[in-house]
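The values are calculated or read from the model by the stated rules, or taken from the named source; none is laboratory data. Computed from a predicted model, the values in this text were never measured in an experiment. All Cβ positions, even for glycine, are placed from backbone atoms using ideal geometry, and neighbour counts span all protein chains on display. Note: areas computed on protein heavy atoms with side chains; ligands, DNA, RNA excluded. Shrake-Rupley method; radii C 1.70, N 1.55, O 1.52, S 1.80 Å.
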Amino acid sequence: MITFSEKAKGITVASISHPFGTAEISLYGAHILSFKPTGQKDVLFVSEKSLFETGKAIRGGIPICWPWFGPNVNKNLPSHGFIRTKNWNLKSIHEESNQTSISLEYSSTSETLAMWPYDFQVILTVLVGKTLKMTLTTINLGATTFSITDAFHTYFNIEKIESAAVVGLEGVQFIDRVGEKTLREQIGKISITGETDRVYLRSASSTIHDYAMNRKIIIDKTNLSDTVVWNPWIEKSKSMPDFKDDEYQRMICVEAGSVLDNPIVVPAGQSVTQEMTITPIIENGL
Ligand code: TA6
């Protein structure tokens, strides 16, 4: 079943429920706020202090960073692009007994052209079942090639950060973006013991182990070459007005993206499709 309600002024949310679980997707930002498999805790984290105001980013869930990742050289432009603060249009809904899909779209406007001079359409299709699958298609409607950097900036709900780790990125080179940027190699699993902001370059699937919750979350991706691992830890948490001081203990961002110097090139009249699938598995007693 799928219903629509207004979560806040100008923010409509689609609520999906079926035997395998529930999900919530804001049409504002095409932003997945919740994915709760039956019998499990929410896979996604949303800050208790998140704003739900048009024009502002939602803190948590799965923000879509597009058409650029991170800050723009033009400081007047928003960090992580503009698409996460736009009201997308409902394109289609498809319900089956054990999964539901919803497609949303957003196309260039005079306002976006003023920020980024390209005609585009983006289509997000979310498939909710035992897994959560996101398919983002970028269509170049213009006459010139454009490049994007982008990411599914996923905030995962974690029982206790000190009892969590990310595996699958062993041996991968990463840019450590805390302090002086350095290029390093991942040795062993990733544990979070301080502010962490790393871009794992040309990395494949990864898995979050939440040992306190006895859950692992597998993150598979296509055409999203990098993986960003972020936790603001103590000091940065205090500096974020839309994030509680202690919430760093209950979340980790593992972001599937094509970021920094690894753009996606979209020739005129063509399209590029990127996919991420999140699979949460309870590891009973393991
Ligand atoms: O993905 C990590 C990161 O780029 C961090 O550097 C931090 O800025 C985070 O994203 C949150 O960005 P936001 O603009 O959503 O506050």
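Here is a list: Val229, Val259, Val254, Val272. Which entry is more than 17 Å from Thr154 (Cα to Cα), modelled with pLDDT of 95 or more and β-branched (Val, Ile, Thr)? Step through it out loud before you land on a result.
On the way: Val229 fails: more than 17 Å from Thr154 (Cα to Cα); Val259 fails: more than 17 Å from Thr154 (Cα to Cα); Val254 fails: more than 17 Å from Thr154 (Cα to Cα).
Within the list Val229, Val259, Val254, Val272, the selection yields Val272.
Quick check on the range 211-244: of everything there that is charged (D, E, K, R) and more than 17 Å from Thr196 (Cβ to Cβ), which residue is least open to solvent (accessible area, probe 1.4 Å)? Checking each candidate, the answer is Arg215. The number of residues in the range 203-226 that are within 23 Å of Cys65 (Cβ to Cβ) and either of a type in the set (Ser, Thr, Tyr) or modelled with pLDDT under 95 (or both) comes to 7. Scan the range 269-276 and give yes if some residue there is farther than 26 Å from Gly81 by Cα and outside any loop (DSSP other than H, G, I, E, B), otherwise no. Scanning the range 269-276, I find no residue that is farther than 26 Å from Gly81 by Cα and outside any loop (DSSP other than H, G, I, E, B), so the answer is no. Can you name every residue in the range 162-202 that is buried (at least 21 other Cβ atoms within 10 Å of the Cβ), of a type in the set (A, V, I, L, M) and under 24 Å from Glu235 (Cβ atoms)? Ala164, Val166, Ile190, Val199, listed by residue number. Of the strands (runs of 3 or more DSSP E) lying entirely inside the range 154-250, not one contains at least 2 residues that are among the acidic types (Asp, Glu).
The test for being farther than 30 Å from Gly21 by Cβ, at pLDDT 95 or above and away from the ligand (no atom under 16 Å from the Cβ) holds for Phe120.
Against the definition (at pLDDT 95 or above, among the polar types (S, T, N, Q) and not in a strand (DSSP E or B)), how does Thr125 come out, yes or no? Full working, then the answer.
On the way: at pLDDT 95 or above: yes; among the polar types (S, T, N, Q): yes; not in a strand (DSSP E or B): no.
Spelling it out, it is not the case that Thr125 is at pLDDT 95 or above, among the polar types (S, T, N, Q) and not in a strand (DSSP E or B).
Exactly one residue out of Thr135, Thr109, Thr125 is free of Cβ contacts under 8 Å to residues at least 40 places away in the same chain, in contact with a strand residue (DSSP E or B) (Cβ under 6 Å, 6 or more places away or on another chain), among the hydroxyl-bearing types (Ser, Thr, Tyr) and open to solvent by 20 Å² or more (accessible area, probe 1.4 Å): that is Thr125. Contact map, the range 231-255: first residue within 12 Å of the ligand (Cβ to nearest atom), second residue of a type in the set (Lys, Arg), Cβ cut-off under 7 Å, separation 6 or more or different chains; pairs are Asp242/Lys49; Asp242/Arg59; Phe243/Lys49; Phe243/Arg59. The single condition among (1) more than 13 Å from the ligand (Cβ to nearest atom); (2) open to solvent by less than 30 Å² (accessible area, probe 1.4 Å); (3) free of Cβ contacts under 8 Å to residues at least 60 places away in the same chain that Pro67 does not meet is (3).
Among the residues that make up the range 26-46, is at least one of them within 16 Å of the ligand (Cβ to nearest atom), at pLDDT 95 or above, open to solvent by 20 Å² or more (accessible area, probe 1.4 Å) and not polar (S, T, N, Q)? Within the range 26-46 (the criterion being within 16 Å of the ligand (Cβ to nearest atom), at pLDDT 95 or above, open to solvent by 20 Å² or more (accessible area, probe 1.4 Å) and not polar (S, T, N, Q)), the answer is yes, since at least one residue qualifies.
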